[in-house]
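This report refers to the structure that appears directly beneath it.
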């Protein structure tokens, strides 16, 4: 039985997968970042314990946002930066789901579809927030794109965290009137109409070039019939709960190593998942290594695509100024400034995990090594 990690599965199965599936340069890039993570390919440093003489090696991380081994630290750091933006109000978690009929379009035009999803969700919520019969003001929103379901198949949806109220043009705060921010059915129908309209426009502008105009019309006309899925959770009241939600969804990736229970010599992988259709029961599915890689690669984002975005009074360009005005309207104290960094004592080395009494000191920096021959080099971009 081999180690249960995505890196181990890729090391054993990526070459075979590439023999049967065309891969884009972007997919090659992500796979090789994961393969190289914390290996000699990225370089590192040699250590030596001043007590027991142990000489371990430590290698650098890839820091790719798709890598299961690199996201926890990024999530913690990001959440700490968001803490100052949390208001002393209730927060609402809403989920907008893209119909699976559009999964094929996501395959060929991911940036267009994902971008229009963000745009439409914000347009929907901001329209409801500005309605004089509702909140009559500007909302704020942090939205996080997820593209997967529990079985790693494509399931595109947007998690939105919205403060429970709106900032009026008169400088007052208009609090939400219900445990749920807006009626879900009304949100769903507005979202449906808005996205279908934007996709029609994108087709006419040539932004959906890989889809025929006839197919665009046929699919979008059919999508106006069913109800679209919008889910609203009860409001959150505590600051720490809001921060926990942000951390849970902001840097989550399609697959974590903790879900891989077993990787056998016959190149099959046991993967833990939660079945929401069966009372949220934990289950295990067995996939071939190549099928696991195929499903994982469904969720590789275009290079540079921002999958966490802020809108309204939480937008980066105005957040500090408007949040200060909102806190004044709420008679809430300003957040405590981040503590100034304290002078640190000279670094005395890492604790030795072997003898537990000595300290590990860097004795040598290791240059990156050429990747081994077990995995093919990626093709040059066309």
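The values are calculated or read from the model by the stated rules, or taken from the named source; none is laboratory data. Computed from a predicted model, the values in this text were never measured in an experiment. All Cβ positions, glycine included, derive from the backbone under ideal geometry; neighbour counts span all protein chains shown.
The table that follows gives values for the structure above.
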item	result
Odd one out for residue 200, checked against (1) touching a residue at least 60 places away in the same chain (Cβ under 8 Å); (2) more than 30 Å from residue 87 (Cα to Cα); (3) touching a helix residue (DSSP H, G or I) at 6+ places or on another chain (Cβ under 8 Å)	(1)
Scan of the range 136-168 for residues that are assigned to a loop (DSSP other than H, G, I, E, B) and farther than 30 Å from residue 283 by Cβ, ordered by number	136, 137, 139, 164, 168
Hits in the range 220-238 - residues which are in contact with a helix residue (DSSP H, G or I) (Cβ under 8 Å, 6 or more places away or on another chain) and surrounded by fewer than 17 Cβ atoms within 10 Å (Cβ to Cβ)	222, 223, 224, 227, 229, 231
Residue match in the range 37-52 (condition: surrounded by 14 or more Cβ atoms within 10 Å (Cβ to Cβ) and touching a helix residue (DSSP H, G or I) at 6+ places or on another chain (Cβ under 6 Å))	yes
Condition met for residue 54 (modelled with pLDDT under 95 and assigned to a loop (DSSP other than H, G, I, E, B))	yes
Members of the range 3-30 found to be assigned to a helix (DSSP H, G or I) and closer than 18 Å to residue 59 by Cβ, listed by number	6, 7, 8, 10, 11
Failed item, numbered, when residue 103 is tested on (1) in a loop (DSSP other than H, G, I, E, B); (2) without any contact (Cβ under 8 Å) to a residue 60 or more places away in the chain	(1)
Search result, residues across the range 175-194 that are touching a helix residue (DSSP H, G or I) at 6+ places or on another chain (Cβ under 7 Å) and not in a helix (DSSP H, G or I)	182
Filter pass, residue 168 being more than 26 Å from residue 134 (Cβ to Cβ) and without any contact (Cβ under 8 Å) to a residue 40 or more places away in the chain	no
Given (1) closer than 21 Å to residue 311 by Cα; (2) at pLDDT 90 or above; (3) outside any loop (DSSP other than H, G, I, E, B), number of the condition residue 83 does not satisfy	(2)
Helices (runs of 4 or more DSSP H) enclosed by the range 202-318 - at least 1 residues per element that are under 24 Å from residue 103 (Cβ atoms) and under 23 Å from the mean Cα position of the chain (by Cα)	239-250, 289-297
Inter-residue pairs, beta-carbon under 6 Å, first on the phi < 0 side of the Ramachandran plot and part of a loop (DSSP other than H, G, I, E, B) and in the range 333-359, second at pLDDT below 90 and surrounded by 10 or more Cβ atoms within 10 Å (Cβ to Cβ), 6+ apart	335/84
Exclusive hit being in a helix (DSSP H, G or I), in contact with a strand residue (DSSP E or B) (Cβ under 7 Å, 6 or more places away or on another chain) and surrounded by fewer than 20 Cβ atoms within 10 Å (Cβ to Cβ), set 197, 126	126
Qualifying positions in the range 41-79 - in contact (Cβ under 8 Å) with a residue 12 or more places away in the chain and more than 28 Å from the chain's Cα centre (by Cα)	45, 46, 47, 48, 49, 50, 51, 52, 54, 55, 56, 57
Among (1) farther than 22 Å from residue 163 by Cβ; (2) free of Cβ contacts under 8 Å to residues at least 60 places away in the same chain - the single one residue 260 does not satisfy	(2)
